[in-house]
Amino acid sequence: MRILIVPDSFKESLSARDVGKAIKRGIKNCLSTAEVVNIPFSDGGEGALDVLCSHADGKLVECETYNAIGGKIWANYFMFEKEKCAWIELSQASGLAQIPLEQRDVLRASTFGTGILIKDAIVKGCTQIILGIGGSATNDGGAGIFQALGGQLLDQNGKAIALGGGALNDLDSIVAAPIDAKIKWKIACDVNNPLLGKNGATAVYGPQKGASATDIQMLENGLSNLSKCCQKKFDRNMEGVEGGGAAGGTAAGMFGFFNATLEPGFSHLAEMIQLEKFVANANLIFTAEGKMDTQSINGKLTVGIARMAKNHKIPIIGLTANLQGPHESFYKEGFTAVFPIQDRPMSMKESKAEVKKLLETAAQNVFRAFNR
């Protein structure tokens, strides 16, 4: 039996690679002779670099930069070997996982560190930048990236505003970044949230980053102000970008500042490594992510894999630590079944502490049913 495992990461808990290893152990516990292929994957955000390192021609480049609240760190990006192109993973520098819980501050969190990575790639000769967004600690509409690349965001007195989403309320005018017009910008994005409103960047993702009700109103106003200033300066409508709310509005901001195009991250990576060939050759597929809900159905990795499996009529199992929404929604997308990994009532803290064993046991129990 040929089993394919294509997992996403469990945010702030396990990498996609470790998720896949745990599932593989569970399968092997039942059938040691099973042919198991583990392809840790990503929807273009967190984990994309691992996928590229395993399946694409190129190398990791290490660069000194800053995390979302200004602490010095080293972070990686991927530079392709045969083309002047870099894949920047926003979460490497500006990710929530880079900031200890007690230090998180969404009002001043900035994408500036991601901009430093982009600047390094451009200095090294890259003329195409692919920015994979997801897992951000920020809500600054990509303003930090713009500032790191030499763009100026000024207040009414002509002075530079501070970094972070909260400071966008002070923005009055924009001076374009001195960036070569030949550079092509692509955003790997798999959500469809708009920049503003009840389904926008701040309302949906702000609370996950520690935003209070007061913070949310301030951040929403800041993004609205950024949008108006970008419209005035560049004549681009950030509010009309489908998926513009991704990564605290970074997707919309990159369109507003640089006319970047948004592409489905999962599809982009899947095409790069010819993932569909692996799917078509499998007898059974496992996929997994930390949380499966309506956001998953709106374009996340697990549902992307399920749709491929459905096209090839391959049974597919989804495993998750947090299952929300009607199961029927997942079945319509192609899943054979979806299971939470917990084996008893437990808190999220307990679940995170035992996640490797829970995944292994869940995979073992599910696979036993298929191997009878």
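The values are calculated or read from the model by the stated rules, or taken from the named source; none is laboratory data. Here the structure is a predicted model, which means the values were calculated and not measured. Note that we place each Cβ from the backbone using ideal geometry, even for glycine, and neighbour counts take in every protein chain shown.
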* To do: Pick out the one residue from 334, 318 that is of a type in the set (Gly, Ala, Ser), buried (at least 16 other Cβ atoms within 10 Å of the Cβ) and touching a Ser or Thr at 6+ places or on another chain (Cβ under 7 Å).
  => 318
* Tell me which of these residue 27 doesn't satisfy, since it passes every other one: (1) closer than 30 Å to residue 368 by Cα; (2) in a loop (DSSP other than H, G, I, E, B); (3) in contact (Cβ under 8 Å) with a residue 60 or more places away in the chain; (4) not acidic (Asp, Glu). => (2)
* Structure fact -> When every residue in segment 109-120 that is in contact with a strand residue (DSSP E or B) (Cβ under 6 Å, 6 or more places away or on another chain) and either surrounded by fewer than 24 Cβ atoms within 10 Å (Cβ to Cβ) or of a type outside the set (A, V, I, L, M, F, W, C) (or both) is compared, the one farthest from residue 185 (Cα to Cα) is 113
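Okay, residues lined up against (1) of a type in the set (A, V, I, L, M); (2) touching an Asp or Glu at 6+ places or on another chain (Cβ under 6 Å); (3) under 25 Å from residue 87 (Cβ atoms); (4) not assigned by TED's automatic domain parsing to the domain that holds residue 111:
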position: 183; (1), (2), (3), (4): yes, no, yes, no
position: 187; (1), (2), (3), (4): yes, no, yes, no
position: 200; (1), (2), (3), (4): no, no, no, no
position: 205; (1), (2), (3), (4): no, no, yes, no
position: 229; (1), (2), (3), (4): no, no, no, no
* When residues of segment 74-95 are filtered for being surrounded by fewer than 24 Cβ atoms within 10 Å (Cβ to Cβ) and touching a residue at least 60 places away in the same chain (Cβ under 8 Å), how many remain? -> 0
* Asked: Among 70, 125, which is the only one that is on the phi > 0 side of the Ramachandran plot, without any contact (Cβ under 8 Å) to a residue 60 or more places away in the chain and part of a loop (DSSP other than H, G, I, E, B)?
  -> 125
* Take the residues in segment 18-37 that are in contact with a strand residue (DSSP E or B) (Cβ under 8 Å, 6 or more places away or on another chain) and under 26 Å from residue 98 (Cβ atoms), then tell me which one is surrounded by the most Cβ atoms within 10 Å (Cβ to Cβ). => 19
* **Identity of the residue in segment 150-178, in a loop (DSSP other than H, G, I, E, B) and crowded, with 18+ Cβ neighbours inside 10 Å, that ends up nearest to the chain's Cα centre (by Cα)** => 164
* To do: Looking only at segment 113-142, count how many residues are under 23 Å from residue 167 (Cβ atoms) and either under 18 Å from the mean Cα position of the chain (by Cα) or among the aromatic types (Phe, Trp, Tyr) (or both).
  => 15
